[in-house]
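Engineer: Here's a structure for you.
Read-outs throughout are calculated quantities, based only on the coordinates presented, and are distinct from any laboratory measurement. Computed from a predicted model, the values in this text were never measured in an experiment. For neighbour counting, all protein chains shown are included, and Cβ atoms are generated from backbone atoms with ideal geometry for every residue, glycine included.
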Amino acid sequence: MKTGERKYSINEQTIKKAMEKTRGYITARQANYLGVSGGYLKQMANKGVIEKVGRGIYMDSLEYPDGFHILNMQCPKIIFSHLTALSFYEMSEIDPYDAWDITIPYGYHDDRLRGHSLHCVKKDIFELGLTSAKTIYGNWVRAYNPERCICDIIKNQKKIDFEYVKYSVREYLSRKDKNLSNLVKYSQILGIEMKVMSYINLVRI
C-alpha cells in the first residue's frame, strides 16, 4: 500500500465493489443483501467514503450526483416524460436543470416531487411507451420513448412554447431510429391522431 493511501475494511471493499457495478450508487436494502448493515453505511458516510443523497440511498463521494437517477431511486414508480425525457434523447431545447416533467398515475403522491411539473394520467395509459433512457450523467432511468414524448408535448401544446414543440418534432423526424408506426398507434390511443399528423405536416413544410 502506498504512503497516504487509505486501507478499506472488508465491508467497505464489499460496498465499493458493488457501487462499481451501479455507477457509484447503493441503497441500504442492497447493502443489507450483501451482509452490510444500514448502520455501517452511515459510518462510511461519516468517514466521507460515501455520501447520503436520499433516504436509504448512498453515493460514492468521488462521483457527481445525478439528480434524475437519485429521484428515480427514491420514487421508482415515476416516469420522466415530455421535454425532460426528450432532453435525454437530445431532442429538446429546454435547460435540463429546470423543473422536470414527470408523469405519475392518478392517486400517486410523494412530497419529494414538489417543484416539478407533474402530469397525472390514467393507469391504462401510464406505461404506454415506457422504456429506459440514459440521463446526461450516463445513468438509466424510467422514461417514455420518443414517440410517446412527441404525442405528450403535442397533446399539451397549450402549456408548452410552440417553438419548443416544433423543434422536438423536427428533431424526431430527422432521426434514423424513429418509429412512425408507434407514433400513429400512440396518437390513436391518446385520441390526438389528427393533432399529431397536423404537426408533422407543418414541420415538413
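Engineer: Could I get the Rg over Rh figure for the chain? Both from C-alpha atoms, Rh via Kirkwood, rounded to two places.
Structural biologist: 1.08
Engineer: Any idea what angle helix 193-204 forms with the longest principal axis of the chain, computed on alpha-carbon atoms, 0 to 90 degrees, nearest 10?
Structural biologist: Approximately 90 degrees, to the nearest ten.
Engineer: Rounded, prolate or oblate, given the Cα gyration tensor of region 10-65, with a/c below 1.5 counting as rounded?
Structural biologist: Cα axes put region 10-65 in the rounded bin.
Engineer: While we're looking at this one, here's another question. Can you tell me the orientation of helix 162-173 relative to the chain, as the angle in degrees between its alpha-carbon axis and the longest Cα principal axis, to the nearest 10?
Structural biologist: Taking the Cα atoms of the chain, the angle to 162-173 is about 80 degrees.
Engineer: Another question, then. So if I take the centroid of the Cα atoms in region 119-187 and the same for region 4-74, what is the distance between those two points in Å?
Structural biologist: 33
Engineer: Going toward the positive end of the dipole of region 76-204, with +1 on Lys and Arg Cβ and -1 on Asp and Glu Cβ, which of 102, 191, 83 do you reach last?
Structural biologist: Of the listed residues, the answer is 191.
Engineer: Starting from the coordinates of the alpha-carbon atoms of region 100-205, obtain the Kirkwood hydrodynamic radius over all distinct pairs and give the value in Å to one decimal.
Structural biologist: 14.8
Engineer: Let me ask another. Most exposed first by the Cβ proxy, i.e. fewest other Cβ within 10 Å, how do 148, 142, 170 rank?
Structural biologist: 170, 142, 148
Engineer: Can I ask one more? Sum -39500 (n - 2.57) across every DSSP H segment of at least 4 residues in the chain, then divide by the residue count to get the 222 nm mean residue ellipticity, nearest 500.
Structural biologist: -12500 deg cm²/dmol
Engineer: On to the next question. Given 122/176; 42/123; 158/185, which pairs have Cα atoms separated by over 26 Å?
Structural biologist: Too far apart for the 26 Å limit: 122/176; 42/123.
Engineer: Additional query: If you rank 80, 88, 126 by fewest surrounding Cβ atoms within 10 Å, what's the result?
Structural biologist: Fewest-to-most Cβ neighbours within 10 Å comes out as 126, 88, 80.
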